[in-house]
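Have a look at the structure below before the remarks.
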Amino acid sequence: MLRPGLKSIWAVLLTAVVLLSAGLPVHARPGFFNRDVGTGAKPLSSSTPSGKLQEVAPPGAVQQLRQELQRHRPSLRLVNPSNDTIVATQELELSFEIDDWPLNNDPELGLGPHIAIQIDDRSPLRLSDSDGNRLTVRIDDLEAGSHRFSAWAAYPWGEAVQSPGASIQGRVHLWQKLQGTQPDRDSPWLVPVPPAGEQGLQPLLVDWLLWNAPLQNLREGDGRWRLRISIDGDSFLVDHQEALWLIGSNGASSHDIQMELLNELGEPITPVFNNQLVHLKAPSGPKPGWMRSRLNESQLARLSGSPEPEMPETTVEQPKEAPQKAEQPPQLAPVEIEAETETEAETETDPIAPENSDHETPQSPLAQDQATAEASQPTPTKEQPADNDLPMNTSENNPPVAEKPTESLEQQAKTEAKLMPSSSLGGSARELLNSDGRLRKP
């Protein structure tokens, strides 16, 4: 029989053992990552897309937009209500603040950078309008009880920005909390991130957010979780957080994407919250701007929310005037000279030759022809009168011929002046010509 003092000591020790046991992890409890190396189970290895699935590069426009938006570091904060707050109203209003993220929605190219908000397992709400840096969304169809939400800065195609501070998660309760309806504060839970528009466009965007899961792949063998992705019946395992672009060859217009969060041994982790299915409907309407193979500078600026490049100023082209003809130099009237006046011969020589030059000054072809014609004609002498002075032949053998009208010397001089080209030569060049315009013999 124990003494009363010993009974008190045993009671204290028993209580301590119970309390310590309650704090130990229980591997059978869903939601905890198993690290029981004594079981001999081999951790699952990651795999690549298989079957009809093939990983491909993103569309060209996606690559352009990602490069353009890499300079931004979005920071998202919950303003109202505070996390884990009880709200006594039927209409829930959530307010956020976003910094360094250019929200935009182009009427032609579609949704640009935006904020996506998902409540429970509903489809995300996408916000592109803000009051300054404040965004507000009102939801009036939530049932009473506890709800979880997550929000993230999203690229135009819907992918979540993975930089620190770009996404947040929390809980809110309408009227009162309901235990067991939501993951515990520190439990991991999965959020599938569908593409913007939720259409089954090829290539398919496969993306997700994972809350409260430990970091891994920092060193070899530190993997604690796996994500099993199944698309239209083909499955593969991933162990890193990175969006994928996939194509399939089954020709389906709509697609079902299932995501399951597993521990390293392949066991489900709280499957009620971490086994999600996303249905992508068949594509309809024109393709969004981010599906293009390439964007020009203006389209890239509009879809990324950046200022458009300045276009060069265009000037109105004036009508061309008809080309004006070159003004002809005024024609000089022929100079009338007396018969005794010296005539000037035209020459196209370059510089004027000196007086004592042994070379003759070249003449123009017209002057040369004129001189040749005149040299071939006989010169009238005193013994032989000129043709104009000969009497009319009245012999019988030669019938009379009408006499030509005789021109005066003044008229002849005028005629010769018109036929002979004028010259502006002077000096020694003038002295090379006779008074009748012929070249003076040396």
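The values are calculated or read from the model by the stated rules, or taken from the named source; none is laboratory data. Every value quoted in this text rests on a predicted model; they were computed, and no experiment measured them. When we count neighbours, we look across all protein chains shown, and the Cβ atoms used for this are built from the backbone with ideal geometry, even at glycine. Note: areas computed on protein heavy atoms with side chains; ligands, DNA, RNA excluded. Shrake-Rupley method; radii C 1.70, N 1.55, O 1.52, S 1.80 Å.
Tabulated results
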| read-out | value |
| --- | --- |
| Criterion (out of contact with any Leu (no Cβ under 6 Å at 6 or more places or on another chain), closer than 19 Å to P58 by Cα, among the polar types (S, T, N, Q) and surrounded by fewer than 20 Cβ atoms within 10 Å (Cβ to Cβ)) met by exactly one of Q179, Q202 | Q202 |
| Filtered residue count, segment 285-316, keeping only those that are modelled with pLDDT of 85 or more and within 13 Å of the chain's Cα centre (by Cα) | 16 |
| Test: L190 is assigned to a strand (DSSP E or B) and open to solvent by less than 20 Å² (accessible area, probe 1.4 Å) | yes |
| Inter-residue pairs, beta-carbon under 6 Å, first touching a residue at least 12 places away in the same chain (Cβ under 8 Å) and within 30 Å of A144 (Cβ to Cβ) and in segment 163-177, second of a type in the set (D, E, K, R) and exposed (fewer than 15 other Cβ atoms within 10 Å of the Cβ), 6+ apart | R171/D84 |
| Cβ-Cβ under 7 Å pairs, at least 6 apart or on other chains, segment 39-64 side touching a residue at least 40 places away in the same chain (Cβ under 8 Å), far side among the acidic types (D, E) and in a loop (DSSP other than H, G, I, E, B) | P43/E264; L44/E264; S46/D239 |
| Any hit, segment 240-254, residues being open to solvent by less than 30 Å² (accessible area, probe 1.4 Å) and in contact with a Gly (Cβ under 7 Å, 6 or more places away or on another chain) | no |
| Residue in segment 255-265 that is part of a loop (DSSP other than H, G, I, E, B) and loosely packed, with under 15 Cβ neighbours inside 10 Å present | no |
| Qualifying residue in segment 243-255 (condition: in contact (Cβ under 8 Å) with a residue 12 or more places away in the chain, within 12 Å of L190 (Cβ to Cβ) and within 38 Å of the chain's Cα centre (by Cα)) | no |
| Unique match (being charged (D, E, K, R), more than 24 Å from S163 (Cβ to Cβ) and touching a Ser or Thr at 6+ places or on another chain (Cβ under 8 Å)) among K287, K281 | K281 |
| Conditions (1) more than 30 Å from the chain's Cα centre (by Cα); (2) on the phi < 0 side of the Ramachandran plot; number of the one not met by G145 | (2) |
| Residue satisfying all of: in segment 266-277; of a type in the set (A, V, I, L, M, F, W, C) and in contact with a strand residue (DSSP E or B) (Cβ under 8 Å, 6 or more places away or on another chain); least open to solvent (accessible area, probe 1.4 Å) among these | I269 |
| Residues of segment 156-188 classified as of a type in the set (G, A, S) and over 18 Å from L78 (Cβ atoms), total | 3 |
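Matching residues to (1) touching a strand residue (DSSP E or B) at 6+ places or on another chain (Cβ under 9 Å); (2) of a type outside the set (A, V, I, L, M):
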{"site": "L44", "(1), (2)": "yes, no"}
{"site": "S47", "(1), (2)": "yes, yes"}
{"site": "S50", "(1), (2)": "yes, yes"}
{"site": "E55", "(1), (2)": "yes, yes"}
{"site": "V62", "(1), (2)": "yes, no"}
{"site": "L69", "(1), (2)": "no, no"}
{"site": "P74", "(1), (2)": "yes, yes"}
